[in-house]
1. Of the residues 213, 259, only one is out of contact with any strand residue (DSSP E or B) (no Cβ under 8 Å at 6 or more places or on another chain), in a loop (DSSP other than H, G, I, E, B), more than 30 Å from residue 123 (Cα to Cα) and not assigned by TED's automatic domain parsing to the domain that holds residue 49; which?
2. Could you look through region 32-68, keep only residues that are at pLDDT below 95 and in contact with a strand residue (DSSP E or B) (Cβ under 6 Å, 6 or more places away or on another chain), and pick out the one that is surrounded by the most Cβ atoms within 10 Å (Cβ to Cβ)?
3. Please count how many residues of region 101-131 are touching a residue at least 60 places away in the same chain (Cβ under 8 Å), over 20 Å from the mean Cα position of the chain (by Cα) and surrounded by 13 or more Cβ atoms within 10 Å (Cβ to Cβ).
4. Within region 174-186, is even one residue in the same structural domain as residue 21 (by TED's automatic domain parsing), free of Cβ contacts under 8 Å to residues at least 60 places away in the same chain and either in contact with a helix residue (DSSP H, G or I) (Cβ under 6 Å, 6 or more places away or on another chain) or within 23 Å of residue 122 (Cβ to Cβ) (or both)?
5. Report, by residue number, each residue of region 73-92 that is more than 17 Å from the chain's Cα centre (by Cα) and over 23 Å from residue 170 (Cβ atoms).
6. Which residue out of 214, 269, 225, 238 is under 30 Å from residue 67 (Cα atoms) and either surrounded by fewer than 17 Cβ atoms within 10 Å (Cβ to Cβ) or modelled with pLDDT under 95 (or both)?
7. How many residues does region 144-168 contain that are under 13 Å from residue 63 (Cβ atoms), assigned to a loop (DSSP other than H, G, I, E, B), touching a strand residue (DSSP E or B) at 6+ places or on another chain (Cβ under 7 Å) and at pLDDT 95 or above?
8. Among the residues of region 162-187, what is the count of those that are buried (at least 16 other Cβ atoms within 10 Å of the Cβ) and closer than 25 Å to residue 49 by Cβ?
């Protein structure tokens, strides 16, 4: 099918919230907090990308993900590059990306073990509208009070380095082995394209564009695109969509969008589609 509206899968998390975001029903007050909503294709599939919403009530663990080569060496299908589009941020919200200064393996392991790693990370203030690309190997932690759209390689391999004293499992051996023990180096976005698209990411693992209107899409055979409406409504190949949903698109189609729409469009690869 040229367009499919994806199913949603709600994930309870100890750091999640009971008040989510427009388009998502809040969990009951006595239910576990919801931290993530995943968009999944029907059936037993393993696509290249995964789209999520994150609802953070508390800080997430200090963690790191392997790259493709490191994942393959561990028998895993792929690594995990990811990026975050910030929709809402409470006052004082922060994200940690990279360390303040280069560290040795021994220094990182020691800091993770005694908790001092929290003070060695580069925490930066976050506001609605911000965008971050987090390449695999980057030590990071997402703070509380954020609503984020996450687009990532489809992998849930996470190595926790520190979790603020909780009893959840840590993965120091693997985490230290795959981590870039250095300050974060942001990847500069390519910027506006000639046809008005804003290109947020252009490789190495996927392309991400932001649109303020509908447009024609032409994807190569075998490539799937993920259309994520941040705001507004529209239609593609007879499938209607609105904020809080996600639609996959294949082939050549016309995406129709109403006035005031704000759309993200992602697909695997390193080059923009026509």
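The values are calculated or read from the model by the stated rules, or taken from the named source; none is laboratory data. As the structure is a computational prediction, the values presented were derived from the model and not from experiment. Methodologically, a virtual Cβ is constructed for each residue, glycine included, from the backbone with ideal geometry; neighbour enumeration extends over all protein chains shown.
1. On the way: 213 fails: out of contact with any strand residue (DSSP E or B) (no Cβ under 8 Å at 6 or more places or on another chain).
Answer to the check: 259.
2. Initial filter on region 32-68 (at pLDDT below 95): 40-48.
Still in the list and also in contact with a strand residue (DSSP E or B) (Cβ under 6 Å, 6 or more places away or on another chain): 40, 48.
Values: 40: 15, 48: 17.
The selected residue is 48.
3. As a first pass, look at region 101-131 and keep what is touching a residue at least 60 places away in the same chain (Cβ under 8 Å): 101-105, 107-109, 112, 122, 131.
Subset that is over 20 Å from the mean Cα position of the chain (by Cα): 101-105, 107-109, 112.
Now drop any that are not surrounded by 13 or more Cβ atoms within 10 Å (Cβ to Cβ), which leaves 103, 107-109, 112.
Qualifying residue count, region 101-131: 5.
4. No, because not a single residue in region 174-186 is in the same structural domain as residue 21 (by TED's automatic domain parsing), free of Cβ contacts under 8 Å to residues at least 60 places away in the same chain and either in contact with a helix residue (DSSP H, G or I) (Cβ under 6 Å, 6 or more places away or on another chain) or within 23 Å of residue 122 (Cβ to Cβ) (or both).
5. The first filter runs over region 73-92 and keeps only residues more than 17 Å from the chain's Cα centre (by Cα), leaving 73-77, 90-92.
77, 90, 91, 92 - these are the residues of region 73-92 that are more than 17 Å from the chain's Cα centre (by Cα) and over 23 Å from residue 170 (Cβ atoms).
6. 269
7. Counting residues in region 144-168 that are under 13 Å from residue 63 (Cβ atoms), assigned to a loop (DSSP other than H, G, I, E, B), touching a strand residue (DSSP E or B) at 6+ places or on another chain (Cβ under 7 Å) and at pLDDT 95 or above gives 1.
8. Of the residues in region 162-187, 8 are buried (at least 16 other Cβ atoms within 10 Å of the Cβ) and closer than 25 Å to residue 49 by Cβ.
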